[in-house]
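Asker: Once you've had a glance at the structure underneath, I'll fire off some questions.
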Amino acid sequence: MAKPPANITADAPPKLPPREAAVEALMRLAAEQPWNDIEVGDIAREAGLTLAEFRDLFPSKGAVLGGLAKMIDRTVLEGDSSDLADEPTRERLFDVLMRRLDAMAPYKDALRRITFALRGDPLSLMALNGVALNSHRFMLAAAGISTEGPLGRLKLQGVVIAFARTVEVWLDDEDPALARTMAKLDKEIRGGERFMERADDARRLTAPLRALGRSLMDRGNSRRRRDTRNEDEGNPLGGDPAAAI
């Protein structure tokens, strides 16, 4: 039987792709030291990458968090959701978001420290909200929930906020059964359902007013175009009468 090369042990874990290696490196560092103490060079060294290689992958350490979000997305989306097809919408969404928390579990210590560090940084929170919007568009799709249409953006942002509130509970929930986390998620989803029902009712009730507003705007735009045409016809220097002086 052939022996493995001297520098490789038989049970050595496979080498991670560079992007994944960088994400895992940042999570290990973030679990052990303050977020603001971590430099891009630290991540590169921990991942076994040169700075040039790291730069080709990510422009900043914050962008590595976006890489983590994509890894979590893939883990959830690769799961089998066929058994949810006949479930109510609320149950489908609950299952998908709990699977997301399960995928985040290996990084819980790091995420707890990162969340605490960024809590007072509004610019970083805005950037992470954009990352979360992209991720949760796919979470809703996995649950069979549309994000298109007039209320799609509102629905998507609502789920991002609901999940963020749930994560706050999850980070401190040491119960293996995650009873507090599940109760919070169920409460947030039910509250979101009620809000979207009210928003949809409000949209239907205001539909005539919005149609009238569009009609008046179209009429005003048409009149302005006619007035401009008339002025221009009598003024070879353009629409400003004073230009003829």
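Asker: Over the Cα atoms of segment 1-149, Rg to Rh with Kirkwood Rh, two decimal places?
Answerer: Working: Rg = 18.3 Å, Rh = 17.4 Å.
Expressed as Rg/Rh, it is 1.05.
Asker: Mind listing the phi-derived Karplus ³J(HN,Hα) values for segment 143-159, rounded to whole Hz, using 6.51, -1.76 and 1.60 with θ = phi - 60°, and x for any glycine or proline?
Answerer: For segment 143-159, the Karplus curve yields 8, x, 10, 6, 10, 8, x, x, 9, x, 5, 5, 4, 5, 5, x, 5 Hz.
Asker: Once you place label points 7 Å from the Cα toward the Cβ at LEU125 and LEU16, how far apart are they in nm?
Answerer: 2.9
Asker: Still on this model: With a Förster radius of 30 Å, plug the Cβ-Cβ distance of ARG112 and ARG190 into 1/(1 + (r/R0)^6) and report the FRET value to the nearest 0.05.
Answerer: 0.70
Asker: What pairs in LYS108/LYS155; LYS70/LYS187; LYS15/LYS61 have C-alpha atoms more than 24 Å from each other?
Answerer: Details: LYS108/LYS155 27 Å; LYS70/LYS187 26 Å; LYS15/LYS61 21 Å.
Result: LYS108/LYS155; LYS70/LYS187 exceed 24 Å.
Asker: Starting from one equal scatterer on each C-alpha and no solvent at all, send me the Debye-based log10 I(q)/I(0) for segment 82-131 at q = 0.24, 0.29 Å⁻¹, two decimals.
Answerer: Normalising to I(0) and taking log10 leaves -0.91, -1.03.
Asker: Based on alpha-carbon centroids, what's the gap between segment 112-188 and segment 13-59 in Å, whole number please?
Answerer: Centre-to-centre (Cα) distance: 25 Å.
Asker: Sticking with this structure for a sec: Highest mean first, what order results for 98-104, 21-27, 73-79 on Cβ atoms within 10 Å? Don't skip to the end; give the middle numbers.
Answerer: Working: 98-104: 18.3, 21-27: 23.4, 73-79: 15.0.
Descending packing order for the listed peptides: 21-27, 98-104, 73-79.
Throughout, read-outs are computed from the coordinates displayed, never taken from laboratory work. In this text the structure is predicted, and so the values were computed from the model without any measurement. Every residue, glycine as well, gets a Cβ built from its backbone with ideal geometry; the counts of neighbours run over all protein chains shown.
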